[in-house]
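One structure below.
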Ligand code: FE2
């Protein structure tokens, strides 16, 4: 007898009336119309069953700290970094852990079951590193948390930067981070990329750098990152995050850069909510959007995923752990409003993000982990349009979260009262 059978589901690829059979936490079979005895059977009623959401770029050490010790008045990236610098000496491990665990609860409720979080390694005490390693341990039964050693103040620019980062890796942090555009000079930035990629290669680690999070069209560290990934044989294991300077770069240069990134197997993570908020702040009008060239990167064969980056922290006062909101913003900013473009934005918070993460056994096929979400939507387009309710969230066959379907009751003059799913449906 099966542990779980989900019947009459629609899958992201459009297949309908599908049954997903689960045994021992894995998907045993995905087939049309299967009806077999199971300990639990769920009728999906034709709604969308998707592999869970993945956030490939987050800052869990800062999350839910909005207003501590004060609010970012200018709304800029640089004031956010300064504000984070004011908050760091005040951080207490217990409070940080409590906030991070609260965020993980939000995430699970939203079907977000894997998060790659950067953790600031600039402080010699490594308080945030120890705190998030503890969070990783505590959430392991229900959420995959991957940590990136992130030298927020610059690995070369800040005293003890490389030593602190290496000690974080020694403690068990998973991925090597960096922030080349924040080093003192372009040359130092390039040197930091080389140094950190060599460190990752020597330790067998993945790389994920904040890369060119700037409106400066001459911030070209993504070029060095791609070159080093190729030189060191790190193809498929390196990510450039943000890459917002590409928005402002010269088009001729980008025509050379795109194939270089594709050849190097470097993935790009864009953070639409944050990029549209923080970039272009030095502009008058017209103001740049400041998000990287998502459709052009995708067309060149680069794996592009979307991250949330921030939720209620020194940089951003909004957010709720909803990757459909991230995809929704991404498709607007990138003008990816064709049906194919919208589906690509859904992929950016699911399958593309899984590749960045290196997540194994992800997907809706026999043998994959039974980790998926039933949405109150019939397809990925409708899911993004409605930021659809996560009716049920399973991880490895275990039900982790449920949310009642969104309904409305109407009491309209001259008409009978009615209750139901009132949100207008797509064509
Ligand atoms: Fe970030």
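Close Cβ contacts (under 6 Å, 6 or more residues apart or on different chains) running from residues in the range 300-324 that are in the same structural domain as residue 61 (by TED's automatic domain parsing) and on the phi > 0 side of the Ramachandran plot to residues that are within 12 Å of the ligand (Cβ to nearest atom) and assigned to a helix (DSSP H, G or I) comprise 309/274.
Evaluate the following for residue 11: is it closer than 29 Å to residue 141 by Cα, in contact with a helix residue (DSSP H, G or I) (Cβ under 7 Å, 6 or more places away or on another chain) and either within 16 Å of the ligand (Cβ to nearest atom) or modelled with pLDDT of 95 or more (or both)? For residue 11, the condition - closer than 29 Å to residue 141 by Cα, in contact with a helix residue (DSSP H, G or I) (Cβ under 7 Å, 6 or more places away or on another chain) and either within 16 Å of the ligand (Cβ to nearest atom) or modelled with pLDDT of 95 or more (or both) - is not met.
Which one is farthest from residue 375 (Cα to Cα), of the residues in the range 396-415 that are in a strand (DSSP E or B) and at pLDDT 95 or above?
Step one: filter the range 396-415 for residues in a strand (DSSP E or B), giving 398-402, 408-410.
Now narrow it down to the ones that are at pLDDT 95 or above: 398-402.
Details: 398: 17, 399: 14, 400: 14, 401: 12, 402: 10 Å.
Top of the filtered list is 398.
Candidates in the range 46-63 are the residues that are more than 16 Å from the ligand (Cβ to nearest atom) and surrounded by 14 or more Cβ atoms within 10 Å (Cβ to Cβ); of these, the one that is farthest from residue 346 (Cα to Cα) is 47. Scanning the range 159-191 for residues being modelled with pLDDT of 95 or more and assigned to a loop (DSSP other than H, G, I, E, B) gives a total of 10. Can you work out which of the residues in the range 175-195 that are away from the ligand (no atom under 16 Å from the Cβ) and out of contact with any helix residue (DSSP H, G or I) (no Cβ under 6 Å at 6 or more places or on another chain) is nearest to residue 137 (Cα to Cα)? Among those residues, the one meeting the criterion is 195. In the range 238-256, the residues that are outside the structural domain of residue 290 (by TED's automatic domain parsing) and closer than 22 Å to residue 208 by Cβ form no Cβ pair under 6 Å with any partner that is in a strand (DSSP E or B) and at pLDDT 95 or above, whether six or more places apart or across chains. It is to be established whether one or more residues within the range 249-264 are under 30 Å from residue 72 (Cβ atoms) and touching a strand residue (DSSP E or B) at 6+ places or on another chain (Cβ under 6 Å). No.
Checking the range 95-109 against the condition returns no match, with no residue being within 16 Å of the ligand (Cβ to nearest atom), assigned by TED's automatic domain parsing to the domain that holds residue 214 and closer than 22 Å to residue 211 by Cβ. Of all residues assigned to the range 261-268, at least one qualifies as being assigned by TED's automatic domain parsing to the domain that holds residue 84 and within 16 Å of the ligand (Cβ to nearest atom). Given the options 31, 41, name the one that is without any contact (Cβ under 8 Å) to a residue 24 or more places away in the chain and not assigned by TED's automatic domain parsing to the domain that holds residue 106. None of the others qualify; the one that does is 31. Would you mention how many residues in the range 64-78 are within 16 Å of the ligand (Cβ to nearest atom) and free of Cβ contacts under 8 Å to residues at least 60 places away in the same chain? Total satisfying the criteria: 1. Residue 80 falls short of the stated requirement of being surrounded by fewer than 17 Cβ atoms within 10 Å (Cβ to Cβ) and under 27 Å from the mean Cα position of the chain (by Cα).
Check 178, 172, 154, 161 and return the single one that is without any contact (Cβ under 8 Å) to a residue 60 or more places away in the chain, within 24 Å of residue 229 (Cβ to Cβ), under 22 Å from the mean Cα position of the chain (by Cα) and surrounded by fewer than 24 Cβ atoms within 10 Å (Cβ to Cβ).
Details: 178 fails: surrounded by fewer than 24 Cβ atoms within 10 Å (Cβ to Cβ); 154 fails: under 22 Å from the mean Cα position of the chain (by Cα); 161 fails: under 22 Å from the mean Cα position of the chain (by Cα).
After ruling out the rest, the residue left standing is 172.
The values are calculated or read from the model by the stated rules, or taken from the named source; none is laboratory data. This is a predicted model, so every value here is computed, not measured. We place every Cβ from the backbone using ideal geometry, glycine too, and count neighbours over all the protein chains shown.
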